[in-house]
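The structure appears right after this line, and notes come after that.
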Amino acid sequence: MLPWLTPMLEDLLVEAALETLVMVGGAAAIAVLFGLPLALLLHATAPGGLAPSAALNRPLGLVVNAVRSTPFIILMVAIVPFTRLVAGTSIGTGAAIVPLALAATAFIARLFENALREVDRGVVEAARAMGASRLQIVLKVLVPEALPGLLAAITVTLVSLVGYSAMAGAVGGGGLGDLGIRFGYQRFMPEVMATVVLILILFVQGLQSLGDWLVRRLRRR
Amino acid sequence: MMLDQPGPDLPVAAGRVPPAIRLTGLRRHFRGAPAPALDGISLEVAPGEVFGVIGRSGAGKSTLIRCVNLLERPDAGRVEVLGGDLTAEGEAGLRTARRGIGMVFQHFNLLASRTVAGNIAFPLEVAGVPRAEREARVAELLPLVGLAEKRDAWPAQLSGGQKQRVGIARALASAPSILLCDEATSALDPETTTEILGLLADLRSRLRLTVLLITHEMAVVKALCDRVAVLEAGRVIEQGPVFDVFTRPRAATTRRFVAEVIGHDVPPGTLAALPAPGPGEARRLLRVLFAGPHSTRAVVSEASRRFALDLNIVAGRIDAIGARPFGIMALAAYGVPEAVEAAILWMRGLGLTVDELAWEEG
């Protein structure tokens, strides 16, 4: 398929691309699953929110910021005991998903929170005036109204995860970034490095275009 | 400060029917604000009445209307709607009560993620009305607000006036008997404002709605309201039937509001151009309100002849509020002091209202 690579390298490349997909997809799915409730909680407990509570909002915000400000490579190593607890091992693609998901959850939670904050307060007030409960406001107003912003946040997170996943090689996570380092850099094979970079660029481009297209579709109405 | 003077046709005044909305001693002081937003407000709105609250921005009118459905909880005071004390309700009771109170907003506050039909159905959905019933109700409401064609349009595709029509249909979806309008026309151009006011007037009589509206435009009050309260610094400084407040404003703020619409202040520069009084002559500036049986009599020329006065008309306007015509005229009167005095008494005797305006150059 790629004449400048040996068949063995081609196989490695396909394998690595799949590993990247699994890591990015898995971590993103977990991040959305935990990040959205977290963001809703942050949004609701903020001053002027649906259920303002500084006692909940401050510590929650602190934890999210702490995770976000820890460099990923350090976070990955620092939470090895936790990773072992969750994944049973601290080595491999599956294990790499744990730190990736953790970092992405904190990341996406803030992005989601921003998207929720963009929802016009007047619309929320109108829903209250119509007798909507807080749960109804969250499910029928906040989330649907913020949907374009939420989708944009998912796109940004996916793109960031592609970058983070390159570091997963440090814990034997594999993936395209790992392949690039081991073959392209350490074995002096610039053609492997170039291919890896090219695939990553296509990957990110594809994600971004898909995300943008979805957001545009939603915003148009 | 000013006494409430409801007209004889208002059931509340006659004590026959309990008010639809009764606010008693509302107070609200926002943290960090130098003055309270509401400083002891009491109001009653009769069933079927359109009651306007007018005030400048910062007068407290937004806080006031948001207290009626307790979007804003007052620090003190009672809010009674249709006989029930909302201030005593818990969250669940409040949600139920709010479903009986429609609200229209200045910025429409439509859900961008829902179509016109979806927006109108929203309050019904929230109340747990089954889908078929919701759709039937939406089909009923769309032509009522003139949007039959726009059922599946998205809010982003609508003009301001159309958005407000959706807002009105949504407010009426759960068939409330009370409608709160929070500056409902303030974001619209004059032509659309007239259109929306017409729609509200039509709906009000067709659905026998009780309407409480807040506005900073006296034209809205003039077009739609039965009674009006003027709000300043969180207090009601004047209230009464719109006709009375328009024709006989008392507080300075009210006069300014009224002047915006019917402009019976003397135009600037007019007085400076008038001749000085002759020796032994008095010169007085009178404002005469013609309303009632003698509004068609040639009062000016008659007074001039009878009392040997020179009457100079410096401002005047004829208008109608709720099909009741009235005229207002500013007259510069020159003559023997006693004759001017006698003319004033004579005009008052005819049932005209004569006030003396200060002779301020400018």
* **Condition broken by A:Phe188, with the remaining ones in (1) open to solvent by 90 Å² or more (accessible area, probe 1.4 Å); (2) within 14 Å of chain B (Cβ to nearest Cβ); (3) of a type in the set (A, V, I, L, M, F, W, C) satisfied** => (2)
* To do: Can you confirm whether region A:156-164 contains a residue that is free of Cβ contacts under 8 Å to residues at least 40 places away in the same chain and more than 21 Å from A:Arg110 (Cα to Cα)?
  => no
* Only one of (1) within 12 Å of chain A (Cβ to nearest Cβ); (2) more than 17 Å from B:Leu212 (Cβ to Cβ) fails for B:Val68. Which number is that? -> (2)
* **Only one of B:Arg137, B:Arg131, B:Arg165 that is surrounded by fewer than 19 Cβ atoms within 10 Å (Cβ to Cβ) and basic (Lys, Arg)** => B:Arg131
* Can you tell me which residues in region A:95-139 are of a type in the set (Asp, Glu), over 28 Å from B:Val68 (Cβ atoms) and touching a His at 6+ places or on another chain (Cβ under 9 Å)? -> A:Glu113
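Table: residues versus (1) at the interface with another protein chain (Cβ under 8 Å from one of its Cβ atoms); (2) over 24 Å from B:Ile41 (Cα atoms); (3) assigned to a loop (DSSP other than H, G, I, E, B); (4) at pLDDT 95 or above.
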| residue | (1), (2), (3), (4) |
| --- | --- |
| B:Arg73 | no, no, yes, no |
| B:Thr87 | no, no, no, no |
| B:Ala92 | no, yes, no, no |
| B:Thr96 | yes, yes, no, no |
| B:Val104 | no, no, no, yes |
| B:Leu110 | yes, yes, yes, yes |
| B:Ser113 | yes, yes, yes, no |
| B:Asn119 | no, yes, no, yes |
| B:Phe122 | yes, yes, no, yes |
* To do: Can you tell me which residue among B:Arg204, B:Arg170, B:Arg151 is among the basic types (Lys, Arg) and buried (at least 21 other Cβ atoms within 10 Å of the Cβ)?
  => B:Arg170
* Asked: Being crowded, with 20+ Cβ neighbours inside 10 Å, modelled with pLDDT under 90 and in a loop (DSSP other than H, G, I, E, B), is that true of even one residue in region B:343-359?
  -> yes
* Structure fact -> Condition set of a type in the set (Gly, Ala, Ser) and out of contact with any Leu (no Cβ under 8 Å at 6 or more places or on another chain), scope region B:302-342, selection surrounded by the most Cβ atoms within 10 Å (Cβ to Cβ): answer is B:Ala315
* **Total residues in region B:31-59, condition in contact (Cβ under 8 Å) with a residue 12 or more places away in the chain, over 17 Å from the mean Cα position of the chain (by Cα) and open to solvent by 10 Å² or more (accessible area, probe 1.4 Å)** => 5
* Structure fact -> Flagged in region A:1-20 as touching a helix residue (DSSP H, G or I) at 6+ places or on another chain (Cβ under 8 Å), assigned to a helix (DSSP H, G or I) and among the aliphatic types (A, V, I, L, M), in numbering order, are A:Leu9, A:Leu12, A:Leu13, A:Ala16, A:Ala17
* To do: Could you check how many residues of region B:126-162 are not β-branched (Val, Ile, Thr) and not in a helix (DSSP H, G or I)?
  => 11
* Between a first residue in region B:149-161 that is more than 14 Å from every other protein chain (Cβ to nearest Cβ) and under 21 Å from B:Leu199 (Cα atoms) and a second residue that is open to solvent by 70 Å² or more (accessible area, probe 1.4 Å) and assigned to a helix (DSSP H, G or I), which pairs have beta carbons less than 6 Å apart while being 6 or more apart in sequence or on different chains? -> B:Gly161/B:Glu195
* Asked: Among all residue pairs at least 6 apart or on different chains, which show Cβ distances below 8 Å where the first residue, located in region A:32-49, is over 13 Å from A:Val143 (Cα atoms) and the second is in a helix (DSSP H, G or I) and acidic (Asp, Glu)?
  -> A:Leu42/A:Glu113
* So which residues in region A:116-131 are within 14 Å of chain B (Cβ to nearest Cβ) and either in contact with a Leu (Cβ under 7 Å, 6 or more places away or on another chain) or assigned to a helix (DSSP H, G or I) (or both), if there are any at all? -> A:Leu116, A:Val119, A:Arg121, A:Gly122, A:Val123, A:Val124, A:Glu125, A:Ala126, A:Ala127, A:Arg128, A:Ala129
* To do: Examine region B:280-300 for a residue that is of a type in the set (D, E, K, R), open to solvent by 70 Å² or more (accessible area, probe 1.4 Å), assigned to a helix (DSSP H, G or I) and not assigned by TED's automatic domain parsing to the domain that holds B:Val221, and state whether such a residue exists.
  => no
* To do: Run down B:Asp226, B:Asp182 and say which single residue is among the acidic types (Asp, Glu), closer than 20 Å to B:Arg99 by Cβ and touching a residue at least 40 places away in the same chain (Cβ under 8 Å).
  => B:Asp182
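The values are calculated or read from the model by the stated rules, or taken from the named source; none is laboratory data. Keep in mind that what you see is a predicted model, and the values were worked out from it rather than measured. Using ideal geometry, Cβ is built from the backbone for each residue, glycine included, and neighbour counts are taken over all protein chains shown. SASA here: full protein model, heavy atoms, side chains in, ligands and nucleic acids out. Shrake-Rupley method; radii C 1.70, N 1.55, O 1.52, S 1.80 Å.
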